[in-house]
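So the structure is just underneath, and the comments pick up after that.
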Amino acid sequence: MNQPRTPLTPAPVSRAFGSDNWAGVHPEVMAALAAANVDHAPAYGGDAWTASFDELAKRLFGEDTEAFPVFNGTGANVLSLQAALPRWGAVICAQSAHIFFDETGAPEKTGGLKLLPVQTPDGKLTPELVAQEAWGWGNPHRAQPLAISIAQVTETGTCYTPDEIRALADYAHERGMLLHVDGSRLCNAAAHLGVSLADITSNVGVDLLSLGGTKNGLMGAEAVVVLRPGSTPGMPFLRKINLQLASKMRFVSAQLLALYEGELWRESASHANAMAARLAEGIEALAANGNDVRIAYPVESNAVFAVIPPEIAEQARAKYTFADWPSGEHVRRLMCAFDTTPEDVDGLLAALAG
């Protein structure tokens, strides 16, 4: 005999600075999901929402753009690079890059790609740094460097300017390589720089983009955006092989439409950035008053990296969550999200002050 279900007890309401992934779903996105949950619609991308997102991507990035909604950022990165490169291809990236440090070898194990990491001072590649690994073409004993991948924003919270991206794109194209952008926080970069999404992608020579969404208020939706026509001929097949083809794709596309069709992407990212700036200013004020904390990297997005001694970190963690970061001794990452409030920030600052 079936037993009655025990009602789930909601977890206590809490605010955290562990990651922007910890935030919930933006109410407008939730409404868009509910609106898409009507009647029947063709599966596997044959629906009106996916067609609308494809048209939207062309308006955002250029008429030759192709957009492929996927489930998550790692899937977008692996799929885009695997589709663009042959089996002998290698990808030059920063040693701190998500594809190298945080994806459990997925580009290599699933994508069959060799990664060539380069040490950087601030998470950003330059043509001079890329040159350390951009060699050996035609040598059968070396994986062929055929792509550069950069993260926007980087894993230290810094942003590439349009000129910096253009320099990397020119360097890549002159050598027969392509430029990929891991844009999981592309919105935060565009908001910080005060530019359009195209100004830091298609307008400056980027060939492939992993377009983020989950870190900016979506339930779970990203997209591979192909900016150079013909650069990913196997994409429709590889998306299925890599487990990234949603049967009920309308619910993925509806989220992306809700975020990118208007200004929600910029509003949410700008708010998260502003909360990070408020937090950084507060930490600088604590340091000026003799508190043993300091900012570790320039704050250019919704991430604050701060050096916080263990005893201060322990007392703050009695109320708030944040991550230890491997880029230096006692470096902590404090992430703000679209729903972080000034009261959240001030509460954390009070906890750091003791």
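The values are calculated or read from the model by the stated rules, or taken from the named source; none is laboratory data. Bear in mind that the values here come from a model prediction, so they are computed numbers and not experimental data. Here the Cβ positions follow ideal geometry from the backbone for every residue, glycine too, while neighbour counts run over all protein chains shown. These area figures cover heavy atoms from the full protein model, side chains too; ligands, DNA and RNA do not enter into them. Shrake-Rupley method; radii C 1.70, N 1.55, O 1.52, S 1.80 Å.
Observations
- Selected residue (criterion: surrounded by the fewest Cβ atoms within 10 Å (Cβ to Cβ)) from residues of region 325-354 that are acidic (Asp, Glu) and over 19 Å from the mean Cα position of the chain (by Cα): Glu329
- Close pairs (8 angstrom Cβ cut-off, 6 or more residues apart or separate chains): more than 15 Å from Ala353 (Cβ to Cβ) in region 272-284, of a type in the set (D, E, K, R) and not in a helix (DSSP H, G or I) anywhere: none
- Test: residue in region 298-310 that is surrounded by fewer than 21 Cβ atoms within 10 Å (Cβ to Cβ) and in contact (Cβ under 8 Å) with a residue 40 or more places away in the chain: yes
- Some residue of region 92-110 being in a loop (DSSP other than H, G, I, E, B), among the aliphatic types (A, V, I, L, M) and more than 19 Å from Gly220 (Cβ to Cβ): yes
- Condition check for Asp182: open to solvent by 40 Å² or more (accessible area, probe 1.4 Å) and either touching a strand residue (DSSP E or B) at 6+ places or on another chain (Cβ under 7 Å) or in a helix (DSSP H, G or I) (or both): no
- In region 17-63, of all residues being open to solvent by 20 Å² or more (accessible area, probe 1.4 Å) and among the charged types (D, E, K, R), the one that is farthest from Arg332 (Cα to Cα) corresponds to Asp39.
- Residues (among the hydrophobic types (A, V, I, L, M, F, W, C), closer than 16 Å to Asp20 by Cα and in contact with a helix residue (DSSP H, G or I) (Cβ under 6 Å, 6 or more places away or on another chain)) located in region 265-310: Trp265, Ala269, Met275, Leu279, Val299, Val304
- Any hit, region 68-76, residues being assigned to a helix (DSSP H, G or I) and surrounded by fewer than 22 Cβ atoms within 10 Å (Cβ to Cβ): yes
- The set of residues in region 236-256 that are of a type in the set (A, V, I, L, M), touching a residue at least 12 places away in the same chain (Cβ under 8 Å), surrounded by fewer than 24 Cβ atoms within 10 Å (Cβ to Cβ) and outside any loop (DSSP other than H, G, I, E, B) contains only Leu238.
- Residue within region 181-189 that is within 17 Å of Val130 (Cα to Cα) and either within 13 Å of the chain's Cα centre (by Cα) or among the β-branched types (Val, Ile, Thr) (or both) present: yes
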